[in-house]
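As structure tokens, the structure follows; a few thoughts come after it.
The values are calculated or read from the model by the stated rules, or taken from the named source; none is laboratory data. Computed from a prediction, not measured in an experiment: that's the story for all the values here. Backbone-built Cβ (ideal geometry, glycine too); neighbour counts: all protein chains shown.
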Amino acid sequence: MARLKSRKPEAEEPEVEPASADVKEEGESFKGAERAFDELKRAPEEQLAPKQGERVSAHQRLLEFLEVFRKATVDIIFAGIVGLLLLTAIKVINADELAIDPVSLPRAIKDLGYTEEGVALELSDHMFKIFNDVQLSRHQFNVQAKIEESDFAVPVAGLSFTSAIRLIRQLAGFPQRHISGELLCRSEPCTPTTMELRLRLMDGLHPPQALDPVTGPSTEAILKAGAEKILRIEDPISLAVYLYGDTPEQNARRAEAVQIANEVAIKGGPDKPVALNILGGSIADSAGGDTAMLEKSTGYFLEAISIDKSYAPSYSNLGATLAQMGYRKEAVENLKTSLSINPNRPSAHRQLGMLYAELDQPGDAIKQFEAALALDGRDHDSLNSWSATLLQKGDDKGAAEKAQASIALAPDDPYPHFNLALAHKHLGEKDKARDEFQNVIALSGDVPNYQRVKGRAADELKALE
């Protein structure tokens, strides 16, 4: 309904004085401008309102902008997906990878609870354990059981993405390595002791290479030995570093590690510094204080460092050897360098702690033992060295506590027994000290410098009588 405008009565309109002649003349000069004044009388909203065509044009421009933005966003996302796929393909093509096929099993072994994929996974797990133990981070070698492969189809009937990549690798001449094999029973009844693992290495278009059959007292031992056989061919330096470890089993196989390291060193290549480090370590370990042999071992370490300045164990082994030769300050500097490259090696912290103890810096020594144990809570050697440092400080109760903790982790090691015996002796507990010295004599046959520790224990026993 239209709004009605109220109008005042004409009688109420105010009186207006007649215009003067000048005003009339001025008014006469504006005759004909009534239309312009009408335009000025319009409301501001009417004057500023855009035309209908202009409103449509602005709306259209907004829609066009949104459409361009949408297309650009879709193009960017598409380009990102294509780039990601290309990077994945390049990575897969260039990957230094060894695939393990599901291992064939006869019905008799399947009846024992084994599966073909499970055996392949266990083989790869044993190799990963070795990789994790040696910590050769520069190695790009990768092992993967085929059961772990993630795959998706591509628009070609019967062809998967992984298959397409393998086809490209084959056409481009890239190596395609994988292990196939079977776990058999040599005789009936089929038990782990009658099993035999036969493996074949497939390397590109080359003929398959059969590995020697593997047997053992258990399936676990067979698969572990099988993993080592694969590494002996595919990654010998990792196997050599692993075999030159500190466990009794590894100690018994150090000669094998040295043989592999010697082969790698002669062959040369990027693994030579690691091989030289093993060779130098074997000479230092067998030197028995012989200066000429220790100097020879330092030559190996220095050569390894000259080739690869980023391999931390070469510095720590050089430091340990220099310490044996009496150059303790130089040894400390090399161990610090080793830890600056890789601070996560418990053995380097332990060696540095022992050097600080020899330099009469027990506080610094204990900090290093604590750092080693923070990285490896089962490092019984650091606990034993901590015990020896506390004995030097006169803290016999603390020394006994650390020695007992070391014995709990390694009851067959005579050295913490010796430190515990000394702590009991200093505390006046002669019977306990006598028992521990006798333990040292009984246990000292399988450790380095066993004659020295055995002789010291015997002398202490005589002094207690």
Matching helices (runs of 4 or more DSSP H) fully within the range 186-258 where at least 1 residues are touching a Gly at 6+ places or on another chain (Cβ under 9 Å): 219-234, 248-251
Residue satisfying all of: in the range 292-314; among the hydroxyl-bearing types (Ser, Thr, Tyr) and not in a helix (DSSP H, G or I); nearest to Gln324 (Cα to Cα) among these: Tyr311
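Conditions tested, residue by residue: (1) within 29 Å of the chain's Cα centre (by Cα); (2) among the acidic types (Asp, Glu); (3) at pLDDT below 95; (4) closer than 22 Å to Gly353 by Cα.
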| residue | (1), (2), (3), (4) |
| --- | --- |
| Pro270 | yes, no, yes, no |
| Leu294 | no, no, no, yes |
| Thr298 | no, no, no, yes |
| Glu303 | yes, yes, no, no |
Pairs where the first residue, in the range 338-355, is within 18 Å of Ala323 (Cα to Cα) and the second is of a type in the set (Val, Ile, Thr) and at pLDDT 95 or above, C-beta under 7 Å, 6+ apart: Leu352/Val332; Leu355/Val332
Among residues of the range 417-465, those that are among the aromatic types (Phe, Trp, Tyr) and either under 18 Å from Lys402 (Cα atoms) or not in a helix (DSSP H, G or I) (or both), counted: 2
Selection within the range 411-435 - crowded, with 16+ Cβ neighbours inside 10 Å and more than 19 Å from Gly394 (Cβ to Cβ): Asp413, Pro414, Tyr415, His417, Arg434
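Rundown of residues vs (1) of a type in the set (Lys, Arg); (2) modelled with pLDDT under 80; (3) under 27 Å from Leu197 (Cβ atoms); (4) not in a loop (DSSP other than H, G, I, E, B), yes/no style:
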site: Glu67; (1), (2), (3), (4): no, no, no, yes
site: Ala72; (1), (2), (3), (4): no, no, no, yes
site: Phe78; (1), (2), (3), (4): no, no, no, yes
site: Ile81; (1), (2), (3), (4): no, no, no, yes
site: Gly118; (1), (2), (3), (4): no, no, yes, yes
site: Phe128; (1), (2), (3), (4): no, no, yes, yes
site: Phe131; (1), (2), (3), (4): no, no, yes, yes
site: Val143; (1), (2), (3), (4): no, yes, yes, yes
site: Pro155; (1), (2), (3), (4): no, yes, no, no
Some residue of the range 453-463 being among the β-branched types (Val, Ile, Thr), modelled with pLDDT of 95 or more, within 28 Å of Ser338 (Cβ to Cβ) and surrounded by 19 or more Cβ atoms within 10 Å (Cβ to Cβ): no
